1. Please identify the pairs in which a residue from the stretch 52-63 that is at positive phi has its Cβ atom under 7 Å from the Cβ atom of a residue that is β-branched (Val, Ile, Thr), counting only partners at least 6 apart or on another chain.
2. Look at the stretch 1-27 and say how many of its residues are within 16 Å of Thr111 (Cβ to Cβ) and either of a type in the set (D, E, K, R) or at pLDDT 90 or above (or both).
3. For the stretch 49-65, what are the residues that are crowded, with 24+ Cβ neighbours inside 10 Å and either in a loop (DSSP other than H, G, I, E, B) or of a type in the set (D, E, K, R) (or both)?
4. Any chance the stretch 92-106 includes a residue that's surrounded by 21 or more Cβ atoms within 10 Å (Cβ to Cβ), modelled with pLDDT of 95 or more and under 26 Å from Arg187 (Cβ atoms)?
5. Of all the residues that make up the stretch 132-145, how many are within 16 Å of Met191 (Cβ to Cβ) and modelled with pLDDT of 90 or more?
6. If Phe169 satisfies every condition in (1) exposed (fewer than 13 other Cβ atoms within 10 Å of the Cβ); (2) at pLDDT 90 or above but one, which is the exception?
7. Would you pick out the residues in the stretch 66-107 that are among the basic types (Lys, Arg) and assigned to a loop (DSSP other than H, G, I, E, B)?
Amino acid sequence: MTTHPDYWNRIYEDEGRPGWDMDGATPLVQALLDLALPLGLRPGCDLVVPGSGYGHDAVALEALGFTVTGLDFAPLAIQGALHRYGNRVAWSQADWFTTQLGPWEAIFDHTCFVAMDPGRRPAYVEACAGHLRPGGLWLAVLFHDVNGRPGPPHAIPMEAMRALAGGRFEVLHLAETAASHPRRLGREFLMVARKRRE
């Protein structure tokens, strides 16, 4: 079950470098920042990368001046991040749905939402809202196409994502991207959403 860290740990044990690992940061780090900065992302703010894996995106964001927490459910992911990058980022092995860490000014979500079973999506949106400060931003890379494969990752149509997020977030940007990794080209879209004031 994807709801237990052992599921993800087994993938790290069996594959060493899991299929979602690009051996570096996604090219969409800069693309999302370019979208989010004019929409209110504060340069150098504190942000979290849920499902941070081996930490490539988290470290790329730290190198750009952000104060970053890399959070992952799987102990082996955090061990791998520490081995690769040391303590450049505040790493934490924790469950996104229950962690008491935070709140943060922003979330950089590259592979976490799409890894969730679709039935958990409403709770995931609630968790994102709960982990953000008022007016905080959720930056996400999402799949609208997974080539017909069973998940994870799980695809979601853009308008379904708008509707799902809309109760807790104001969706500021939602569009396909042309800057993906070659293995994902034409299958991803970007979202920038602001937590609604309560």
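1. As it stands, the answer is Gly53/Thr111; Gly55/Val89, since those pairs meet every condition given.
2. Looking only at that region, the number is 4.
3. Once the filter is applied, which keeps residues that are crowded, with 24+ Cβ neighbours inside 10 Å and either in a loop (DSSP other than H, G, I, E, B) or of a type in the set (D, E, K, R) (or both), the stretch 49-65 yields Ser52, Gly53, Tyr54, Gly55, Asp57.
4. Yes, the stretch 92-106 contains a residue that is surrounded by 21 or more Cβ atoms within 10 Å (Cβ to Cβ), modelled with pLDDT of 95 or more and under 26 Å from Arg187 (Cβ atoms).
5. Counting residues in the stretch 132-145 that are within 16 Å of Met191 (Cβ to Cβ) and modelled with pLDDT of 90 or more gives 8.
6. Unmet for Phe169, out of (1) exposed (fewer than 13 other Cβ atoms within 10 Å of the Cβ); (2) at pLDDT 90 or above: (1).
7. Correct list: Arg88 only.
The values are calculated or read from the model by the stated rules, or taken from the named source; none is laboratory data. Keep in mind it's a predicted model, so treat the numbers as computed, not measured. Glycine also receives a Cβ, built like all others from the backbone with ideal geometry; neighbour counts cover every protein chain displayed.
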